[in-house]
Amino acid sequence: MKFGIEIVPSMPIDEVVEVVKLAEDVGFQYAWITDHYNNRYVYQVLALLAKETETIRIGPGITNPYVRNPAITASAIATLDEISNGRANLGIGPGDKATFDKLGIAWEKPISRIKEAISIVRTLTAGEALDTGAKLDYKPVQEKIPVYMGAQGPMMLKTAGEVADGVLINASNPKDFEAAVPNIKEGAEAAGRSIDEIDVAAYTCTSVDEDPEKAANAAKIVVAFIAAGSPPFVLERHGLPADTQQKFGDLIAKGDFGGAIAAVDDALMEAFAIVGTPDDLVPKIEALGEMGVTQYVVGSPIGPDMKKSIKLVGDIIESF
Ligand SMILES: C[C@H](OP(=O)(O)OC[C@@H](O)[C@@H](O)[C@@H](O)Cn1c2nc(=O)[nH]c(=O)c-2cc2ccc(O)cc21)C(=O)N[C@@H](CCC(=O)N[C@@H](CCC(=O)O)C(=O)O)C(=O)O
């Protein structure tokens with residue numbers, strides 16, 4: 001099992017660098033930086049991480065094909081690959097509707113847009129020209145920069161199986177991967193590929209601490225947001241009430257975060273997060289491995305004390 005870490009650059013840039021360097025020191029192999037307009041700009045954060053780290057692979061986790069023209073993304077990731085001396089990964093996915101509504105961007109045909117974007121990025125970073133004649137005037141270090149797709153829906157997962165080198169799946173329960181992996185496999189085989197070529201990453205709401213209750217409490221607000229964004233098929237899969245999305249969506253929309261946290265029960269925690277002591281985490285991550293997960297990404301909130309939690313995860317990495 002490989003280990004990654006998700007960092008939301010909502011904290012001061014020096015702290016972002018500090019926690020990613022710590023993650024590298026304790027054995028994490030991937031750092032994924034989220035891409036939302038309201039946080040620090042993903043590619044400047046990544047450039048700094050490239051200069052400040054040596055071995056950890058880095059990339060957006062995830063960007064999308066709507067906020068930037070894919071040729072700009074190609075140049076951004078090729079530049080990152082040069083600065084990091086060949087450690088860039090591109091994480092790209094549909095983006096989220098709430099953000100696009102705020103930016104006045106129409107969220108149209110996400111699957112087609114992502115496939116087109118990946119094809120453009122691959123063509124340009126391979127030093128080739130688009131039909132329009134567009135071409136990069138330099139080549140990245142890596143022959144082929146790995147492209148990971150953020151995906152949750154069945155069609156998006158199949159598309160990832162068809163075209164991507166990896167998939168970042170925002171989920172934490174074995175039931176989600178029991179459903180997701182066959183979709184990825186179907187897409188891969190339809191494209192004459194094998195799922196073994198694809199790094200299946202669990203991009204998981206994680207909270208670890210020596211005190212399991214503190215760990216659980218730190219995750220509740222993230223679980224509330226996940227519940228608010230969970231489509232009916234996910235709620236059904238976990239036997240959650242059909243009105244869960246509406247209930248948490250309403251609480252969050254009116255800013256009642258206390259009410260949202262109080263409404264998070266054990267069933268929601270079980271469905272949408274992996275929390276507890278390091279010893280609690282091991283069997284849960286192993287269970288994901290049995291479902292075909294090959295990379296575990298420690299996602300927000302990571303823990304009540306982020307640096308301490310990164311070190312605690314570091315203590316269990318070598319046991320995988
Ligand atoms: C579009 C959507 O795909 P989805 O994968 O389920 O989208 C949910 C999330 O993956 C998506 O919002 C991500 O961008 C969220 N996301 C992030 N979103 C962000 O904006 N920033 C992030 O940093 C971020 C990180 C992240 C990490 C992992 C991860 O799994 C998701 C992450 C969906 O509805 N898919 C369905 C329907 C597909 C569809 O839209 N089909 C179209 C036509 C097909 C076409 O598009 O051509 C249609 O039916 O009209 C499906 O896959 O079955």
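Identify the residues of region 209-232 with backbone N under 20 Å of a label point that sits 7 angstrom from the Cα of Ala262 along the Cα-to-Cβ direction, or state none.
Residues passing the 20 Å test: 214, 216-228.
Tally Lys/Arg at +1 and Asp/Glu at -1 over every other residue whose Cβ is under 11 Å from the Cβ of Val42; what's the total? The partial results should precede the final answer.
Numbers: positive: Arg40, Arg68; negative: Asp35.
The answer is +1.
Would you work out which of Gly61, Ile83, Ile72 lies farthest towards the positive end of the dipole of region 6-86? Charges go on Cβ: Lys and Arg +1, Asp and Glu -1.
Ranked along the dipole, the leading option is Ile72.
Between Thr244, Ala188, Ala215, whose Cα lies farthest towards the positive end of the dipole of the chain when Lys and Arg beta carbons carry +1 and Asp and Glu beta carbons carry -1, centred on the Cα centre?
About the Cα centre, the residue reaching furthest to the positive side is Ala188.
Run the 1.4 Å probe and let me know the accessible area of Val163, rounded to the nearest 10 Å².
Spelled out: Val163, probe radius 1.4 Å, area about 40 Å².
Given 4 °C and 1.567 mPa s, how large is the Stokes-Einstein diffusion coefficient of region 178-235 in µm²/s, with Rh as the Kirkwood radius over Cα pairs?
Details: Rh = 14.2 Å.
Rounded, D is 91 µm²/s.
If you count, for each residue, the other Cβ atoms within 10 Å and average over each peptide, how do 80-90, 33-43 line up from highest to lowest?
Values: 80-90: 21.0, 33-43: 18.0.
Final packing ranking: 80-90, 33-43.
Taking the Cβ of Asn85 as the centre, find all other residues whose Cβ is under 15 Å away and add up their charges (Lys, Arg: +1; Asp, Glu: -1). List each step's numbers first, then the result.
Values: positive: Lys51, Arg57, Arg87, Lys139; negative: Glu24, Glu52, Glu54, Asp81, Glu82, Glu143.
Value of the local net charge: -2.
Gaussian network model of the chain, Cα springs within a sub-10 Å range: biggest mean-square fluctuation belongs to which of Asp250, Asp131, Asp165?
Most flexible of the set in this elastic network: Asp131.
With a 1.4 Å probe and every protein chain left in place, work out the accessible area per residue of region 199-241 in Å², rounded to a whole number.
Numbers: 1680 Å² over 43 residues.
With all protein chains present, region 199-241 gives 39 Å² per residue.
By how many degrees, between 0 and 90 and to the nearest 10, does the Cα long axis of helix 110-125 differ from the longest principal axis of the chain?
Roughly 50 degrees between the two axes.
Per 10 Å bin, what percent of the C-alpha pairs of region 194-320 does each bin hold, from zero upward?
The distribution over region 194-320 is 13, 41, 33, 13, 1, given as percents.
Mind checking the alpha-carbon convex hull of the chain and giving the volume per residue in Å³? Show your work: numbers first, answer last.
On the way: hull volume 40.9 nm³, N = 320.
Here the figure is 128 Å³ per residue.
Hey, what do the phi angles of region 37-43 turn into as Karplus ³J(HN,Hα) couplings, whole Hz, using 6.51/-1.76/1.60 and θ = phi - 60°, x for Gly and Pro?
Once rounded to whole Hz, the list reads 4, 7, 9, 4, 5, 4, 7.
Calculate, for Ile105 and Lys135, the FRET efficiency according to 1/(1 + (r/R0)^6) with r their C-beta to C-beta distance and R0 25 Å; round to the nearest 0.05. All intermediate terms of the calculation are to be shown ahead of the outcome.
Details: r = 27 Å, r/R0 = 1.08.
FRET efficiency, Ile105 to Lys135: 0.40.
Among the lysines, which fall within straight-line cross-link reach of Lys158, defined as a Cα-Cα distance under 22 Å, with same-chain neighbours fewer than 8 residues apart omitted?
Candidates past the 8-residue exclusion: Lys97, Lys109, Lys115, Lys144, Lys175, Lys185.
To the nearest µm²/s, what D does Stokes-Einstein give for region 38-164 at 25 °C and 0.890 mPa s, using the Kirkwood radius over alpha carbon pairs as Rh?
Values: Rh = 15.0 Å.
Result for D is 164 µm²/s.
Cα atoms only: what Rg and Dmax, in Å, come out for region 101-224?
18.1, 58
Just the accessible area per residue of region 265-320, please: how many Å² with a 1.4 Å probe? Each step should come with its number before you reach the end.
On the way: 2300 Å² over 56 residues.
With the other protein chains kept in place, region 265-320 gives 41 Å² per residue.
How large, in percent, is the carbon and sulfur part of the accessible surface of the chain at a probe radius of 1.4 Å? Display every interim value, and only then the final one.
On the way: 7270 of 13930 Å².
Heavy-atom surface of the chain belonging to carbon and sulfur, 1.4 Å probe: 52 percent.
Identify all lysines with a Cα-Cα distance to Lys311 below 28 Å; exclude those on the same chain that are fewer than 8 residues away in sequence.
Qualifying lysines at Cα under 28 Å: Lys2, Lys21, Lys51, Lys214, Lys220, Lys284.
Considering only DSSP states other than H, G, I, E and B, which trypsin sites (Lys or Arg not before Pro) in region 199-271 qualify as loop sites with at most 15 other Cβ atoms within 10 Å? Each step should come with its number before you reach the end.
Working: sites: Lys214, Lys220, Arg237, Lys247, Lys254; in loops: Lys254.
Sparse-neighbourhood loop trypsin sites (Lys or Arg not before Pro): Lys254.
The values are calculated or read from the model by the stated rules, or taken from the named source; none is laboratory data. Just so it is clear, the structure is predicted and the values come from calculations on it, not from any experiment. When we count neighbours, we look across all protein chains shown, and the Cβ atoms used for this are built from the backbone with ideal geometry, even at glycine. Keep in mind that these areas ignore ligands, DNA and RNA; they rest on the heavy atoms of the full protein, side chains included. Shrake-Rupley method; radii C 1.70, N 1.55, O 1.52, S 1.80 Å.
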